[in-house]
Each structure stands twice: as structure tokens, then as C-alpha cells.
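Enquirer: One structure is given below, represented as C-alpha cells, and several questions about it will come after.
Taken together, the values in this text are just the output of simple stated rules run on the coordinates, not laboratory data. Only a predicted model underlies this, so the values are computations on that prediction, with no experimental measurement involved. Don't worry about glycine lacking a Cβ; one is built from the backbone with ideal geometry, like all the others, and counts go over all protein chains shown.
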């Protein structure tokens, strides 16, 4: 291990964490007006705490809850934030600002994701796979997530460049727009055409494609889960970890279906100019995860697993 710290002794790093992605990263209280909103919980919270306890590292984080998901990965490019996290999938497109300049860089991956659908238990046969999604089914998504984009890719609503298929109707505050098959109507995990940024509903041009309903921009997945429970939507498209957690605490109301075959890696972002700090953090995350042999499943089984690894580091093992 390195004999030098990641930062000068006494320096505290500001971490912006997404407040609504249980169990990966979330606030102890969902209400921003309550003190518990600043209490970081979950897998990433425990990973960060373990980082702070490692000898000759000098890492200390002041954690700031972030309610809005869209663009959270760019927080370290703005004054006041040194690092951002919250279950962020590593994508090159997310390292660039609107002008196309690279402003942040990801750490190495520390968690794996794959997409899925969460449905009411009585609908598991009706919505067992992505192929079962039709224009009569309403799928809820959190905008600007890989859950949204992967769903649009799988169902054919966007092409490989994120361009919406011609004829898709988009509800916005300014009225209904109709995609013409050009890049003016693009949705990707790193970029959304300006006219579509306040999208609330996609109506597909073909019966074999689902409706897409946008919820939770400011209140996170809670709004999506309530909509599914109330019958306002028929499924939620998001990562397997969050969906399985929601299913396990639903008293049998929800079930996970349509597991995606594609695997995503999640990491933290830092300012592009902080390469030495990023390298130092990478080295320690690699130790804590045992080169990604330890991840969400092991943490779920034993939430102290990262602290155990930190103690091994401190013992020089």
C-alpha cells in the first residue's frame, strides 16, 4: 500500500451523494427539511466510511445530500464539490459538460448493476420480459438514468445513438412534440435534447412499444413505487438492486422480472484535474472491494465487510 495520504492532512473533501437510491445511497430521512436528510446510508455510505478509517490515507468526507439526480455526476466540476456518488453508472458521456468538454472523471468501478422491471406480483406472467411490453403498458422511469435509456434501447424507442424513433410523441410543458427521427430528439444517459428535458410521457409509434412515464425527478424512487402500488403505472424500469430491495420489503406486493443481460459498473466522479486524488482513491477502493471480488451481495450479507477490509489494510496484511 502507499505510504502517503490521498490529500494533505486536515483537508476535508465535499461529497455530494444521491439521496434517494436505497439501498445503494440514500438519506436516513426522505424529507429535506429534517436533520436526517443529511445522514448518508447504504452500500456507498459504508464504503466511504471504510475509506476514511484506512491508515495513511487522510481521507475525510463532508457529505451533502443531493435530491436531483440529473447531472449529479458533474457536481465535482462546480465549486464546492470534490466527489459525487449515488449509484452512478460509469459512462464516458457523463464526463462531459454541455459544451462537450471533459470536466470530470470516474473512479474505478466498485459495484455492478443490471437493469430489470419491477411489477405488481399479480402481473409477473403478463410482464415477464421486455418483449411483453406493449403500448397498453405504462413503464415508469426516473429521467436521465441508465434504467430509462436501457429500456428505450431494448424496446426500440431509441437507436444506438439515442435518437427517438420517428413518430414518438413526447408530452412536455410546452405541449406535445413528435419525433422526426433526427438528433433533435435524442435521449441518452449523458445528453438529452433541450426540447425534451422536461419530458413527462412518451407515447410510442408502434403497438409493440410501451408508454414511458417520467416520475421522481425531485423525490426519487418513492414516487415511482407509489405510482406502481396505486396502479398509475404497470412497471418500473431500473436497476436490479433497487428493484429487489423494493420487492423484498413490499410484503409480496412487488416482483422483479425481465433481468437484462448487459452489465454496468458504478463509480464516483471527481474533477478531471484531480488525477492524483482519483488514483489514490482507486487504489484504496480496489483494496476494500478485493479487486471487485467483494460487492453489493457480500455487503448485503454483512454490512461490516468493508470495515473488515480496512482493518486488514491497517494491519499491513
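Enquirer: Please check which bits of segment 64-108 a label hung off residue 272 would reach, taking the label as a point 7 Å along Cα-to-C-beta and the cut-off as backbone N under 14 Å.
Expert: 74-78, 92-106
Enquirer: Hey, what angle do you get for helix 275-288 against the long axis of the chain, alpha-carbon based, 0 to 90 degrees rounded to 10?
Expert: Its long axis makes an angle of about 90 degrees.
Enquirer: Calculate for the chain the 222 nm mean residue ellipticity that helices alone would give, adding -39,500 (n - 2.57) per DSSP H run of length 4 or more and normalising by residue count, nearest 500 deg cm²/dmol.
Expert: Calculated from helices alone, the mean residue ellipticity at 222 nm is -6500 deg cm²/dmol.
Enquirer: Using a Förster distance of 25 angstrom, determine the FRET efficiency expected from the C-beta separation of residue 308 and residue 56, and round it to 0.05.
Expert: So the FRET efficiency works out to roughly 0.85.
Enquirer: Using a Gaussian network model of the chain whose springs link C-alpha atoms within less than 10 Å, name the residue from 266, 239, 36 with the highest mean-square fluctuation.
Expert: So, out of 266, 239, 36, the one fluctuating most is 36.
Enquirer: Right, something else. Any idea what angle helix 43-53 forms with the longest principal axis of the chain, computed on alpha-carbon atoms, 0 to 90 degrees, nearest 10?
Expert: 10 degrees
Enquirer: Still on this structure, please answer the following. In terms of the Cα gyration tensor, with a ≥ b ≥ c the square roots of its eigenvalues, is segment 167-312 rounded because a/c is under 1.5, prolate because a/b exceeds b/c, or oblate?
Expert: Note, shape of segment 167-312 comes out oblate.
Enquirer: Right, something else. With the crude spin-label approximation of a point 7 Å out along Cα→Cβ, what separation in nm comes out for residue 191 versus residue 161?
Expert: About 1.0 nm separates the two model spin labels.
Enquirer: So for segment 115-257, averaging the separation of alpha carbon pairs under 8 Å that are six or more residues apart and normalising by length, what relative contact order in percent results?
Expert: For segment 115-257, the relative contact order is 39 percent.
Enquirer: Mind giving me the nanometre distance, one decimal, between the label points for residue 134 and residue 114, set 7 Å out from Cα along Cα→Cβ?
Expert: Simple spin-label model gives 2.8 nm for this pair.
Enquirer: Out of these labelled values of volume of the Cα convex hull per residue in Å³, [x] 125; [y] 192; [z] 136, which was calculated from the coordinates shown here?
Expert: [z]
Enquirer: Now for a separate question. Which order do 4, 257, 172 fall in if you start with the one that has the fewest other Cβ atoms within 10 Å?
Expert: In order of increasing Cβ crowding within 10 Å: 4, 172, 257.
Enquirer: Right, here's the next one. As I understand it, the value is the acute angle between the Cα axis of helix 221-230 and the longest principal axis of the Cα atoms of the chain; what does it come to in degrees, rounded to 10?
Expert: With both axes taken from Cα atoms, the answer is about 40 degrees.
Enquirer: Let me ask another. With an 8 Å Cα cut-off and a minimum separation of 6 or more residues, compute the relative contact order for the chain in percent.
Expert: The value is 26 percent.
Enquirer: Mind giving me the FRET efficiency for residue 293 and residue 174? R0 is 35 Å, r the Cβ-Cβ distance, nearest 0.05 is fine.
Expert: 0.10
Enquirer: Hey, another quick one. Given the Cα-Cα distance of residue 34 and residue 203 and 0.36 nm per residue of separation, how much length would full extension add, in nm?
Expert: Working it through step by step, the gained length comes to 57.0 nm.
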